[in-house]
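Pasting a structure here, questions to come.
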Amino acid sequence: MNLWTLFAIARARTPQKEALEFVNVESGNAPIRMSYEELYTQAERWATAFAQMGLRKGDRVAFFLGNRPEFVIAYLAVLRAGAIMVPINLRYRRMEIYHILNDCTPRFLVTEKAQEPILAELTSTDLGGVERILAVDAVDEWLSPVETQRPPLVHGEDLALIMYTSGTTGRSKGAMISHNNVLATVTGLMAAWAWQADDVILLPLPLFHVHGLVVGLHCALASGATVRLRPKFDAEETIDVLAHGGATLFFGVPTLYVRLLDLLERMDPKPDFNRMRLFCSGSAPLAAETYIAFEDLTGHRILERYGMTETGMNLSNPYIGPRVPGSVGTPLPGVFARIVDGQNHELAPGSEGELLVRGSNVFDGYWNDKEKTAASFSVDEAGIRWFHTGDLAVQDPESGYVTLLGRRHELIISGGFNIYPREIEELLLSYPGIRDAAVIGAPHPEWGEVPLACLVCEGEIDEISLVNWCKSQLASFKVPRHFRYVNELPRNAMGKVLKHLLK
């Protein structure tokens, strides 16, 4: 089985049911609606066009594309063609896009006219050998009139995605995710969260992220549910849809719940979300204060879960049962977890250590990086391979629930996005007048953390010019929000910056 056949089951069961509704509040355009049959037919036609343009099984197709129906169609078409989709964060700019395109060397780049100004800054070298740039809002120029052709045989072990994930050192790594990896996460969540065909999910999360793509879109399409896709999050529209019974599910990152609370607190009377059966939060730790305040205002308890790009979903608070603020619950169906010390010895519940996971959901390794792949896994006494999450955790001895304590390394998580300091530091060191730089996470009430840069400079630095320069090179969420100037950075005998002293 593969992800296309999983989607085909829902299409065969309820072909005329609405699969997708897309509304762009800012444009004011009428909603776009597609049934399962329409979505299936369009995806097959696009897959045929890709094949006629030379796309073959195993080829990579990069997506630099916002949430829209064509994203879903093109993604399903790539799966149908046996190719591999490589999503690119829309906040990325030249340096980051260059790295991804030259690392995985996609043949096609699927995009939209709104991204043309950014792509126009890329040279032919930056594109990494991309043969075709296909704009989905000019689809008539390249879409084949032929409806279908015989697709290649796609196995569960074949790659479906290469998703670039942030680490704490070096550049981002391409996690190789197979059809089976995604299937394991989807089927596990369908069981754990009681997905039904009559569910409707309001989905403003970006589809270039595993949260929106796998947890939201894939689970819905596999269940035969309806996806109300949005180009981005709008707090007022979200409350309006939920208050009028327009959805049964809402998935968000903690930042979105903070924004919903800000609006809900000012509303009188409070809206009634009586049709909602599940609010879910992930991609970053949810503050207990946010959990409690949301329950006080709405009567709904947010379900917090834990996953990673490399593993899909690992743990979850229960759908039926107590949900503990600050905890990520217990392993999902088919997932095994253990907490170990620095020598990889399993610790008893109540002891703090690194969280390791294994299961069909866990990826096999990083694209073109055997060294980092080897460093990310260990083998236990029984010869079983475990993935090192890099997260410190503790398991409650009585409930078995797991609580995350922080990153083993210095990863910064801001609004659900991972930021690794070294990338920013290397960029800062290329700026005239900056002699040394270290980036750490600073607490922020809405985003959780934001980057703070400690700089050793030769003379004075014009911060406005520095910030503008950083914005031209990096995604906005990676640009330091604060700067501190020091005479020197604290280092150990080996020259490593002691970031805990900076904090």
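The values are calculated or read from the model by the stated rules, or taken from the named source; none is laboratory data. Note that the structure is predicted; figures quoted are calculated from it, not measured. Cβ: placed from backbone, ideal geometry, glycine included. Neighbour counts: every protein chain shown.
Test residue 220 against the stated conditions and say whether it is within 24 Å of residue 17 (Cβ to Cβ), out of contact with any helix residue (DSSP H, G or I) (no Cβ under 8 Å at 6 or more places or on another chain) and either in contact (Cβ under 8 Å) with a residue 60 or more places away in the chain or in a helix (DSSP H, G or I) (or both).
So residue 220 passes the test.
Could you check the range 385-503 for helices (runs of 4 or more DSSP H) lying wholly inside it with 1 or more residues that are closer than 30 Å to residue 348 by Cβ? Show your work before the answer.
Numbers: elements: 421-429, 463-473, 499-502.
By residue number, 499-502.
Please give the number of the condition residue 352 fails out of (1) within 22 Å of residue 173 (Cβ to Cβ); (2) touching a strand residue (DSSP E or B) at 6+ places or on another chain (Cβ under 7 Å).
Only one criterion in (1) within 22 Å of residue 173 (Cβ to Cβ); (2) touching a strand residue (DSSP E or B) at 6+ places or on another chain (Cβ under 7 Å) is unmet by residue 352, namely (1).
Would you point out which residue out of 262, 234, 199 is touching a strand residue (DSSP E or B) at 6+ places or on another chain (Cβ under 8 Å) and surrounded by fewer than 21 Cβ atoms within 10 Å (Cβ to Cβ)?
It is 199.
Quick check: anything in the range 139-155 closer than 23 Å to residue 387 by Cβ and either surrounded by fewer than 21 Cβ atoms within 10 Å (Cβ to Cβ) or in the same structural domain as residue 79 (by TED's automatic domain parsing) (or both)? So that I can check it myself, show each step before the final result.
To start, the set of residues in the range 139-155 that are closer than 23 Å to residue 387 by Cβ comprises 155.
Filter once more, keeping what is either surrounded by fewer than 21 Cβ atoms within 10 Å (Cβ to Cβ) or in the same structural domain as residue 79 (by TED's automatic domain parsing) (or both): 155.
For the range 139-155, residues closer than 23 Å to residue 387 by Cβ and either surrounded by fewer than 21 Cβ atoms within 10 Å (Cβ to Cβ) or in the same structural domain as residue 79 (by TED's automatic domain parsing) (or both): present.
Moving on to the next point. Filtering the range 451-478 down to residues that are under 23 Å from residue 96 (Cα atoms) and in contact with a strand residue (DSSP E or B) (Cβ under 7 Å, 6 or more places away or on another chain), which residue is surrounded by the most Cβ atoms within 10 Å (Cβ to Cβ)?
478
Going by what's in this entry, would residue 302 be described as out of contact with any helix residue (DSSP H, G or I) (no Cβ under 9 Å at 6 or more places or on another chain) and among the aliphatic types (A, V, I, L, M)? Break it down stepwise before answering.
Values: out of contact with any helix residue (DSSP H, G or I) (no Cβ under 9 Å at 6 or more places or on another chain): no; among the aliphatic types (A, V, I, L, M): yes.
Answer is no for this residue.
Let me ask something else about it. Might you let me know whether the range 51-61 holds any residue that is touching a residue at least 12 places away in the same chain (Cβ under 8 Å) and part of a helix (DSSP H, G or I)?
yes
For the range 309-323, give me each residue that is in contact with a helix residue (DSSP H, G or I) (Cβ under 9 Å, 6 or more places away or on another chain) and modelled with pLDDT under 95.
Listed by number, the list holds a single entry, 309.
For the range 77-98, give me each residue that is assigned to a helix (DSSP H, G or I) and either under 18 Å from the mean Cα position of the chain (by Cα) or free of Cβ contacts under 8 Å to residues at least 24 places away in the same chain (or both). Spell out the reasoning first.
Filtering the range 77-98 down to residues assigned to a helix (DSSP H, G or I) leaves 77-80, 94-98.
The answer is 96, 97.
Are there strands (runs of 3 or more DSSP E) fully within the range 267-316 with at least 3 residues that are touching an Asp or Glu at 6+ places or on another chain (Cβ under 7 Å), surrounded by fewer than 20 Cβ atoms within 10 Å (Cβ to Cβ) and among the hydroxyl-bearing types (Ser, Thr, Tyr)? List them.
In the range 267-316, there are no strands (runs of 3 or more DSSP E) which contain 3 or more residues that are touching an Asp or Glu at 6+ places or on another chain (Cβ under 7 Å), surrounded by fewer than 20 Cβ atoms within 10 Å (Cβ to Cβ) and among the hydroxyl-bearing types (Ser, Thr, Tyr).
Condition test on residue 20, is it closer than 18 Å to residue 201 by Cβ and either buried (at least 24 other Cβ atoms within 10 Å of the Cβ) or touching a residue at least 60 places away in the same chain (Cβ under 8 Å) (or both)?
yes
From the list 381, 352, which residue is touching a residue at least 24 places away in the same chain (Cβ under 8 Å), surrounded by fewer than 17 Cβ atoms within 10 Å (Cβ to Cβ) and of a type in the set (D, E, K, R)?
Just one listed residue meets the conditions, 352.
Here are 441, 448: which of them is surrounded by 12 or more Cβ atoms within 10 Å (Cβ to Cβ), on the phi > 0 side of the Ramachandran plot and touching a residue at least 12 places away in the same chain (Cβ under 8 Å)?
448
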